[in-house]
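Okay, so here's the structure we're looking at.
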Amino acid sequence: MHCYIPHEFKLTNISEDMYYRVLKQLHEMKTLSLTLSGGEPMCHPKFKEFLQAAKDYDFSVNVLSNLTLVDDEVISLMKNSRLSSVQVSLYSMNPEHHDAITCLKGSFEKTKNAILRLVENDIPLQISCPTMKQNKGDYQEVLRWAHEHKVRAVTDYIMMARFDHSTDNLDNRLNLSEVEKVITDILQDDIDYQAEILKPDFFERVQALTHDPDGIVCGVGISSACMVANGNVYPCADWQDYVCGNVNESSLKDIWYHSKKMNFLRNIRNKDFPE
């Protein structure tokens, strides 16, 4: 409904050979953090083996999942893998609203129950509540429920067009007045955020970051990159049509250091943008 990835691009699984080959290259490049995402990563028949392999390489592993496929074995593996974080989307505490957004009846109960199981097993967890027209009145209850269970939760009103440049998902985006209400609620309810913006030097620090002519605009190509199941490497999850290379044709190390597109992006600075 709202996702920036067109559905047809979620239907391909990465091959075992490619996954293990890339994992080895990441280890050789001394990569610190690895995120397993999709689509739904647990749909892959080798998800458990993939997670175990990432643990064996001692990566800091993040998993983005709807948690509907969690079972006892996954819980045990997550608990013993020293995961950095599991991120799950919970759209509403109203089952009908949540299931309408996921387009999967019964998904609310599965996701909610899986969240509680992760909490019981002390598995690091973050709840994301993307806010759109269908659940614009529900996010505060999600945040309250998460707080009651001592789980970090955030809401996000930003919605981007799909990376194939289709825009029908934006029909679900909040209008400006609705966005204003979300921002106001965040400012009123997020104590940590309030504390940060009320620090005496907050404005000066923001000015320093945004007005430094040699300041970095984005971390793509500097601290992060992404890869999809066919081997394409691209700057970030939202920009999958900007292909910087393919691991079937070049090593990941070669793409990271020598791709013209990657080097172009990492060299962009604030001064490259007109006032």
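Values quoted throughout were computed directly from the atomic coordinates according to the rules given, and no laboratory measurement underlies them. What you see is a predicted model, and the numbers here were worked out from it, not measured in a lab. Here the Cβ is made from the backbone with ideal geometry for all residues, glycine too, and neighbour counts use every protein chain on show.
Among residues other than residue 190 with Cβ under 14 Å from its Cβ, the summed charge is -3 (Lys and Arg +1, Asp and Glu -1). When the C-alpha to C-alpha distance is required to be over 27 Å, the pairs from 24/110; 105/136; 55/253; 24/112; 46/79; 24/79 that qualify are 24/110; 24/112. Would any residue of region 152-183 have its amide N under 20 Å from a label point 7 Å out along Cα→Cβ of residue 209? List them or say none. Output list for this probe position: 153-159, 183.
Within a Cβ distance under 15 Å of residue 143, other residues only, what is the Lys/Arg minus Asp/Glu net charge? Write down the numbers at each step before the final one.
Numbers: positive: 112, 136, 144, 150, 152, 181; negative: 138, 141, 148, 156, 185, 189, 190, 192.
Net of charged neighbours comes to -2.
Label sites at residue 237 and residue 187, each approximated as a point 7 angstrom past Cα along Cα to Cβ, lie 2.8 nm apart. Separation of region 16-93 and region 205-240, taken as the distance between their Cα centroids, equals 22 angstrom. About its Cα centre, the dipole of region 99-243 is roughly 460 debye, where the only charges are +1 on Lys and Arg Cβ and -1 on Asp and Glu Cβ.
Once every DSSP H run of n ≥ 4 in the chain is given -39500 (n - 2.57) and the sum is divided by its residues, what mean residue ellipticity at 222 nm do you get, rounded to the nearest 500 deg cm²/dmol?
Numbers: 11 runs with 109 residues, N = 275.
After summing the helix terms and dividing by the residues of the chain, the value is -11500 deg cm²/dmol.
The charge dipole of the chain, taken about the Cα centre with unit charges on the Cβ atoms of Lys, Arg (+1) and Asp, Glu (-1), comes to about 540 debye, rounded to the nearest 20.
By the gyration tensor of its Cα atoms, with a ≥ b ≥ c the square roots of the eigenvalues, what is the shape of region 100-234: rounded for a/c under 1.5, prolate for a/b over b/c, or oblate? Cα axes put region 100-234 in the rounded bin.
On full extension of the chain, what length is gained from residue 133 through residue 60, given 0.36 nm per residue of separation minus the C-alpha to C-alpha distance? Don't jump to the answer; show the numbers that get you there.
Values: separation 73, 0.36 × 73 = 26.28 nm, distance 3.50 nm.
Using 0.36 nm per residue and subtracting the Cα-Cα distance, I get 22.8 nm.
Other residues within the sphere of radius under 14 Å centred on the Cβ of residue 58, judged by their own Cβ, net out at +2 (K and R +1, D and E -1).
Could you work out how much longer the chain between residue 12 and residue 166 gets when fully extended? Use 0.36 nm per residue separation minus the Cα distance between them, nm to one decimal.
Details: separation 154, 0.36 × 154 = 55.44 nm, distance 2.02 nm.
53.4 nm is the gain from fully extending residue 12 to residue 166.
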